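Worksheet: one structure, shown below.
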Amino acid sequence: MAKEILTLDNATTCTSWNISGTRLASASADGTLSIFDSRDPSSSSLRSTFKSRVLEGNIVKIVWVPPEYGDAVACISADGIVSLWEEVAEDSQSLQWKMCKSFGNSSGKVLDVQFGISSTSLKMVAAYSDGNVRVFELLDPLELRNWQLQAEFQNVIESVSAFGKASCLSASISWNVQKGGSQESSFLIGFNSNTSELNSSKVWEFDQAHQRWLPVAELALPEDRGDQVYAVAWAPNIGRPYEIIAVATHKGLAIWHLGLNPDHDGRLPVERVALLSGHQGMVWQMEWDMSGMTLATTGQDGMVRLWQSNLNGVWHQQAAFEPTS
Amino acid sequence: MPSDTVGNGALVPLTGDPPAVYPLHHGLAPPICRLSISWSRGNTLHLSLFSSTAAKVVEVKLTSEDQEIPDAHWRRIAYGSVAPFALLQSRRSSLSALLKTPSPYHSDWWENVLQYSKEIGSLLGGSKLPPSPIIEDSKTIVKRDEEPTSLKAAWELIEIFYVDKQSQSWLPERLVDWLTDYDSLFTSTHETIHGKLVDFQKELVNIQVIEDDSRYWELLSSALSVGWLDIVVKMLRLHGSYQLDQLSKRELENGLVETVATVISKMPRLRPESVGKLGEFYKSKADFIKCWEKWRSQITKLDCSPFWIQCDNQQTVDGLRNLLQIMLGNTDSLCMATCFWIELYISHFLYIRPFTMGIESMSNLAQKCIQLKPQSNTHRLAGLMVGILEENTEVVLAECSREFGPWLVAHAIELLTAGSEQAEVLLHEERYNLGGISIVELHRLVYAQILSSHALTWQIAPIYLSSCVKQGMGLLENLLYRQSVQHNNVLLKNIEICRLYELDGISSNIMKIAGVYHWKHGHKGAGVFWLQQAQDSSCLDRIAQQLFDSVGKSISDESFKQWEGMIELLGSESKPAGGLEFLHKYRDFKKSLQKVSGGKSTELARQAVGSLMLLMKNPSTPQRFWLPLLYDSLKLLNWKDCPILGVSETNLLLNKLQDLSLAKLRPYYTEPSLPPDALSSIRLALATNLGRAILDE
């Protein structure tokens, strides 16, 4: 059942598929970005269509921009610089990948970025090593060059709480992807840092009336709030009366239900429905399938694990893959 | 990957088993220092494995259907089952609309389900041909029409128990037929009568005196025990006493063999007439009981006959009398003759409890047979049968799901609810734990997701999703959103599906993606077309803006040709979205200006002024464009022969100039790239024109 579709060279550090699974971006330790395209929609064989050095130093993560805004990727380097590259054909020239924007590191390294579409404009959430979260807004839907800083805040519920200089190892962001647009846009972010207030994953929602981002839920039990968060993943919702969110910490993999209707404080009700153990050590990545029914995870134990809920709502590990040569 | 499937939609864990661990062969030198995952469409998972020497990208299809059936055949089944499924759904909805009740079931509903079941069943394997009339090789005992599949066997089993109400009265005989067709399948896990017969047939040519071989007699009793009468009679006729040179010497022996064969072929059966099958058929239970008693008393009488003692071939005597014991329902003989519990179970129906009715007693009997014939490994069909006999719908579903995959569950669920209100309630009840959907919907979603995984089957997923009232459209939107827009045929198919299911939101989303894709990839015309289809005014406005930026700073500008084509593409009948309306007017103005240039026709010049005034009056004309427009119009303002602009027109333009000088004071004002004396020359021209116009009027 497992079919090999591509071999990449030894310096490859990360890969990322676009939403339709037809293009693969890979990057390497020397800052090279490669793009591979499938020949036709029914085949999974890939051919290289672009390869070039796009950043100084090691690229650690690639994120695709939503297809509504073209074929573009954000490359995050180990130094915390984000470089946005786009495939365009300008002024009757042939198709080329071009850099359209770089988000520098004047105020800390970028640890993670994720794109989301809210009120018809593209937003980019960036998490920084100093614990800051910045939301950038694209000004022109056809031009990935022009970004504006829309908001800047820290991942804390009480903005008055004071703490020392934060140092974050990693951060994980996940948008609530919506196609209706009836709800306000929201995303989820958690940190792995030395500052406990920042760590726990929180849901941020844009308040149209006051034009600002507000924390509407915290996905951690009171005793777990300082736990460093390895990864978060917001499940696609195809019609459930609640949202499902996965949060991984050193205590395990927690599955949360998030209510859709806020209480009088504007907070959304949360309930932890499962705490699962499986990966020994750190969880690297979590991804929901397109129905939001199966969660796939990878972690330090080198395994890929699949999780599902049964008919009674009990979450369990459904299967695991063990790489063997 | 092993042949059993990973997460084959089995959302029901049956035991507290630890999860299955599957090896993922990658061929890289260990250690693997990093892994990354990405879901593709449906149940396809992309994995990247990074080691210090290289990296590999692999694709894992998490659900493979039954390995027994090749992929191409699976796709035929998938496509073939669409029409019966859709027909049944439409009948269900029209029926419930007619009856105005939530539950569409009434007494005749099962007939619709039976028709559906027969159609699906025929996809799983061709219908059995009637026995061919040609002279057969007398030595062929077991015939093979076609390879039976477990899937078809499972489907028929469910049909027998849940749907076919007409044959409920002869259910045991239907099971006899079922085992006749599918006994060979069980050979994969353990010994079966069919398997033994096949083995024996292979050796038949080497056997000189068949009645001296103990296996001959064993197999006769085995075949008789499960009711394969024609095989038994055929094998009996292979007995050596039938040979012409033997007949005179073994007259008595032959008589006994023939008598037993005759008794066997006259066995009363409670079932409709079936061509080519031995036995005497009765549809009425009363008639059947009468004949059954008579037949049994004949056998008892034959068993006590003095001829047995006179026959000198002891092996024949023992063998034949054992056959009589089978027919008399001797439990030990039946147990000896059969190989596993289902065979024993069937033999009970034939010889011990031919009048057995009621599923409860059938279940108890099955338990008894399982105890008598315990087995280390259970065949999946046996597991399914136990679930059915225990009347546990959830176990049946779980067995179907675990052993046969999502196709069977999604389709067989219709059969399970055909006759039972209770199952209907259980399976259609909306459950909070499942996100507010029913078990029926869940299994359809799971199946649709599998269809989505493959480029050749995703197009039929919407048919199943449209029958999922709660979450079907949500999943369909996600599926459509994940289709690539690069290929026009896929794109058109996507949009067609959106139109069919009235998914306007996702439809314009897809068209926007296509528009941006083409625009950015240099296919400006296609880009504008799709953005217009999507009615994406913000993108179209930006395109219009880009056109302003790139065109017509002066009449002599060569770029006119380039963007004129673009405006042509935008089309005049399309809904003018914001700036596009301006562009059309601007194009008209530029054209009329071109006609004027060099010429001296006052009429043409008046037309050009008309276009200019339309532009300047229109609120959608961007302010920053006013000055270049006026600058382009200098020739008109300074028209030699007569003033072309009237007083009011000139005043309007002067007012615009006034507005412009105020706008200059605001931030973000961008100076158009015009010669430094442009403004003053426009002012002068307007003032002169005003003077001439006043004089004229």
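The values are calculated or read from the model by the stated rules, or taken from the named source; none is laboratory data. For clarity, every value in this text was computed on a predicted model and none was experimentally measured. Using ideal geometry, Cβ is built from the backbone for each residue, glycine included, and neighbour counts are taken over all protein chains shown. For accessibility, only protein heavy atoms count, side chains too; no ligands or nucleic acids. Shrake-Rupley method; radii C 1.70, N 1.55, O 1.52, S 1.80 Å.
Using a loss threshold of 40 Å², tell me which positions in the stretch B:45-62 are less accessible in the complex than in their chain alone. Probe radius 1.4 Å, ligands and nucleic acids ignored. Relative to the lone chain, where solvent access is computed with a 1.4 Å probe, the stretch B:45-62 loses at least 40 Å² at B:H46, B:F50, B:A55, B:K56, B:V57, B:E59. Distant-in-sequence amide contacts of A:V273, defined by a placed amide H-H separation under 5 Å and a gap of 5 or more residues or a different chain, comprise A:I255, A:W256, A:H257.
Under the √(5λ) rule applied to the eigenvalues of the Cα gyration tensor, what semi-axes describe the equivalent ellipsoid of the protein assembly as shown? Give them in Å, descending.
Numbers: eigenvalues 1192, 224, 127 Å².
Calculated on Cα positions only, the semi-axes equal 77, 33, 25 Å.
Each Cα pair under 8 Å and six or more residues apart adds its sequence gap; the mean of these over the residue count of chain A is a relative contact order of 7 percent.
Lysine pairs in the stretch B:193-338 whose alpha-carbon atoms fall under 14 angstrom of each other, counting only those eight or more residues apart or on distinct chains, come to 4. Along the stretch B:206-213 the Karplus relation, 6.51 cos²θ - 1.76 cosθ + 1.60 evaluated at θ = phi - 60°, assigns HN-Hα couplings of 8, 8, 7, 10, 5, 6, 8, 8 Hz to successive residues, with x for each Gly and Pro. Once the C-beta distance of B:K285 and B:N433 is scaled by a Förster radius of 30 Å, the resulting FRET efficiency is 0.05 to the nearest 0.05. What separates the Cα centres of the stretch B:582-651 and the stretch B:217-237 is a distance of 104 Å. In a DSSP loop and with at most 12 other Cβ atoms within 10 Å, the GluC sites (Glu not before Pro) in the stretch B:365-446 are B:E429. Within the listed set A:F115, A:F163, A:F191, the Gaussian network model of chain A (springs between alpha-carbon atoms below 10 Å) gives the highest mean-square fluctuation for A:F163.
Of the GluC sites (Glu not before Pro) in the stretch B:241-325, the ones in a loop by DSSP (not H, G, I, E or B) with at most 13 other beta carbons within 10 Å are B:E273.
Give me the Kirkwood hydrodynamic radius of the stretch B:193-338 in Å, from all C-alpha pairs, to one decimal place? This gives a value of 16.0 Å. Reducing the stretch A:12-28 and the stretch A:178-247 to their Cα centroids gives an inter-centroid distance of 26 Å.
Surface burial for A against B, with a 1.4 Å probe and both sides summed, reaches about 7600 Å² of accessible area. Summed over qualifying helices (DSSP H, 4 residues or more, each -39500 (n - 2.57)) and divided by its residue number, chain B shows a 222 nm mean residue ellipticity of -17000 deg cm²/dmol. Helix B:285-303 and the longest principal axis of the C-alpha atoms of chain B enclose an angle of approximately 40°.
Available extension along the chain between A:T7 and A:S52 is 14.4 nm, counting 0.36 nm per residue and deducting the alpha carbon span.
For chain B, what is the accessible area per residue in Å² when the probe is 1.4 Å?
Details: 30660 Å² over 697 residues.
Accessible area per residue, chain B: 44 Å².
Computed about its Cα centre, the charge dipole of the protein assembly as shown is approximately 2300 debye, with only Lys, Arg, Asp and Glu carrying charge at their Cβ. Per residue, the stretch A:162-283 exposes 43 Å² of solvent-accessible protein surface, assessed with a 1.4 angstrom probe and all protein chains in place.
Between the amide H of A:K61 and those of A:I76, distances stay under 5 Å, these residues lying 5 or more places away or on another chain, with hydrogens modeled in the peptide plane.
Defining a contact as two alpha carbons under 8 Å apart and six or more residues distant in sequence, what relative contact order in percent does chain B show? Mind showing how you got there, number by number?
Working: 799 pairs, mean separation 71.1, N = 697.
This gives 10 percent for chain B.
Distance between the pseudo-spin-label points of A:N261 and B:R499 (7 Å out from Cα toward the beta carbon): 4.0 nm. Axis of helix B:406-416 versus longest Cα principal axis of chain B: the two differ by about 70°, to the nearest ten degrees. Roughly how tilted is helix B:439-452, in degrees to the nearest 10 and between 0 and 90, from the longest Cα axis of chain B? Tilt of helix B:439-452: around 70 degrees. Alpha carbon centre of the stretch B:160-188 versus the stretch A:95-135: separation in Å? After rounding, the separation between the Cα centres reads 64 Å. Pairwise Cα distances in the stretch B:21-61 exceed 11 Å in 63 percent of cases. Sorted largest first, the principal axis extents computed over the alpha-carbon atoms of chain A equal 56, 47, 39 Å.
Placing R0 at 45 angstrom, the Cβ-Cβ distance between B:D332 and B:L247 gives a FRET efficiency of 0.85 after rounding to 0.05. Among the chymotrypsin sites (Phe, Trp or Tyr not before Pro) in the stretch B:604-697, those located in a DSSP loop and surrounded by at most 14 other Cβ atoms within 10 Å of their own Cβ are B:Y668, B:Y669. Here the calculated FRET efficiency for B:D71 and A:H210, from their Cβ-Cβ distance with R0 = 56 Å, stands at 0.50, rounded to the nearest 0.05. For a straight C-alpha distance cut-off of 30 angstrom, the lysines reachable from A:K51 (same-chain residues fewer than eight places away being disregarded) are A:K3, A:K61, A:K98, A:K101, A:K109, A:K123, B:K56, B:K61, B:K512, B:K520, B:K524. With 42 Å as the cut-off, how large is the P(r) tail for chain B, expressed as percent of Cα-Cα pairs? For chain B, the share of Cα pairs beyond 42 Å comes to 54 percent. Calculate the spin-label point distance for B:R353 paired with B:E203, positioning each point 7 Å from the Cα along the beta-carbon direction, and give it in nanometres. For B:E203 paired with B:R353, the spin-label model returns 3.6 nm.
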